[in-house]
Amino acid sequence: MNTLSPSPFLELQQAKLKALREKVSAGANFNSRCAGNADFLDLPFTTKEEVLADKLANPPFGSALTEPLQNYSRFCQTSGTSTGQPMAWVDTPQSWEAMLNCWRWVYRGAGLKKGADRVFFAFSFGPFLGFWTAFEAAATDYLTIPGGGLSSQARLEAMARYQATVLCCTPTYALRLGECIGAQSGISLDQLSVRKVIVAGEPGGNVPGVRERIEKLWNARVFDHHGMTEVGPVSFESVELAGCLQVIEEAYLAEIIDPQTGLEVEEEACGELVLTTLDRTACPLIRYRTGDWVKKRRIEGRLCLEGGVLSRLDEMVVVRGVNVYPSAVEAVVRQFAQVAEFQVEQRKLEAMDEIMVLVELLPGTGSEVVKQLEARLRDTFSMRIPVRLAEALPRYEFKARRWVKVG
């Protein structure tokens, strides 16, 4: 029999869940199946494919809205990287404020000080949820400095001029911007006051090699965070508990399930993260299968994702019978500080998937690194993954697209 994990937040969650189900019953068509008195764990899961299909059938915002459309004031959309098509989302002021409260957990967890810290946002401020919620939540308590529309050079100059103490960006851009510090930009590390780097938007903040490299480039501590447009900001890393993402259980009812059986996994086991939004009730999702593969831990009462988001279920590739996740490949590549950037090419050979790693090395690095990396990949995955040199690989500001299908 499936049961929810014991949680000190369970009473609060159950009260919010009751209110959510009443609101859903009155308003949203898409989640009307959640109405009635059925036990929560008897309700069906919601999948990304269902959400996308509903938005296509009921354009442009879908039918999963619990209030009249005139009550909605905020718009955002997904990047479309996993579905091939962006999905639009709208929020009421109340649901938007609920997400800002979640971001405030992120800042408190990282130990930011009200009135003291200055937060620089190296984001383009496009239509993506995380940019706007992160910025607006910070503006309540900290000096917030937007860096949208600026070049990397201009961003470093602004950070030095205004003595920013915290940087918010993707892990990929933290690496790219950090590599510009020094002779390339004329801005030295001594001129910067950044002591904390909060990363989000893609896996990487909890990949040891990525974290260590960012921290070395900036002489600052990295704090990981994860969320998604569909549900909002979900988890945070705290000063006291490095390497784990603590789920904001006040705002989400979280399950970690075996994707095959749909049953809750045991403590310290891995599974798929499933979320129900308890506070973002204007566009709710019930038992939403996120596709995030995580390791379950409960530390000091709070549900934690040990090691952060380990991988995405929909990104796994089977290569010669071996399950290969992009995050696992990156974890190996990032062990080599001589690699400036990398890309993985995936192609079909006689109906089978094969991959090859392209690497751009830092100036002055000997080509022997290629053979060393190839050996490390072979030892990790128990098969040969060829590694080739590349002169120049793409750089990214938002989500990196390092895994490319060719042929």
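The values are calculated or read from the model by the stated rules, or taken from the named source; none is laboratory data. Only a predicted model underlies this, so the values are computations on that prediction, with no experimental measurement involved. Cβ placement follows ideal geometry from the backbone for every residue including glycine, while neighbour counts extend to all protein chains displayed.
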Of Arg302, Arg298, Arg289, the only residue that is more than 16 Å from Glu268 (Cα to Cα) and of a type in the set (D, E, K, R) is Arg289
Consider the stretch 39-53. How many of its residues are touching a residue at least 24 places away in the same chain (Cβ under 8 Å) and over 24 Å from the mean Cα position of the chain (by Cα)?
4
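Thr281 - would you say it is crowded, with 16+ Cβ neighbours inside 10 Å, of a type in the set (Ser, Thr, Tyr) and part of a strand (DSSP E or B)?
So Thr281 fails the test.
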Being surrounded by fewer than 19 Cβ atoms within 10 Å (Cβ to Cβ) and within 16 Å of Asp224 (Cα to Cα), is that true of even one residue in the stretch 110-126?
yes
If you take the residues in the stretch 260-278 that are in a loop (DSSP other than H, G, I, E, B) and either among the hydrophobic types (A, V, I, L, M, F, W, C) or touching a residue at least 12 places away in the same chain (Cβ under 8 Å) (or both), which one is surrounded by the most Cβ atoms within 10 Å (Cβ to Cβ)?
Leu278
Arg176: surrounded by fewer than 22 Cβ atoms within 10 Å (Cβ to Cβ), modelled with pLDDT of 95 or more and basic (Lys, Arg), yes or no?
no
Within the stretch 331-346, tally of residues that are more than 17 Å from Arg388 (Cβ to Cβ) and either among the charged types (D, E, K, R) or assigned by TED's automatic domain parsing to the domain that holds Thr172 (or both):
1
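So, of the residues in the stretch 132-170 that are among the polar types (S, T, N, Q) and buried (at least 16 other Cβ atoms within 10 Å of the Cβ), which turns out to be modelled with the lowest pLDDT?
Going through the qualifying residues, I end up with Thr170.
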Number of positions in the stretch 95-151 that are among the β-branched types (Val, Ile, Thr), over 22 Å from Leu175 (Cα atoms) and under 18 Å from the mean Cα position of the chain (by Cα)
1
When Lys295 is evaluated against the numbered criteria (1) surrounded by fewer than 19 Cβ atoms within 10 Å (Cβ to Cβ); (2) in contact with a Cys (Cβ under 9 Å, 6 or more places away or on another chain), which criterion, by number, is the only one it fails?
(1)
Can you name every residue in the stretch 169-194 that is without any contact (Cβ under 8 Å) to a residue 12 or more places away in the chain and aliphatic (A, V, I, L, M)?
Ala183
Among the residues of the stretch 350-358, are any surrounded by fewer than 20 Cβ atoms within 10 Å (Cβ to Cβ), under 23 Å from Val199 (Cα atoms) and more than 16 Å from the chain's Cα centre (by Cα)?
no
Would you please list the contacts, defined by Cβ atoms under 8 Å and residues six or more apart or on different chains, that run from a residue in the stretch 150-161 that is in the same structural domain as Ile181 (by TED's automatic domain parsing) to a residue that is among the charged types (D, E, K, R) and surrounded by 19 or more Cβ atoms within 10 Å (Cβ to Cβ)?
Ser152/Arg176
Looking only at residues in the stretch 16-55 that are of a type in the set (S, T, N, Q) and assigned to a helix (DSSP H, G or I), which one is modelled with the lowest pLDDT?
Ser32
What number of residues within the stretch 316-327 satisfy the criterion of being surrounded by fewer than 19 Cβ atoms within 10 Å (Cβ to Cβ) and either assigned by TED's automatic domain parsing to the domain that holds Glu97 or out of contact with any helix residue (DSSP H, G or I) (no Cβ under 7 Å at 6 or more places or on another chain) (or both)?
7
Being on the phi < 0 side of the Ramachandran plot, exposed (fewer than 14 other Cβ atoms within 10 Å of the Cβ) and modelled with pLDDT of 85 or more narrows it down to one of Gln13, Gln77, Gln70, Gln85, so name that one.
Gln70
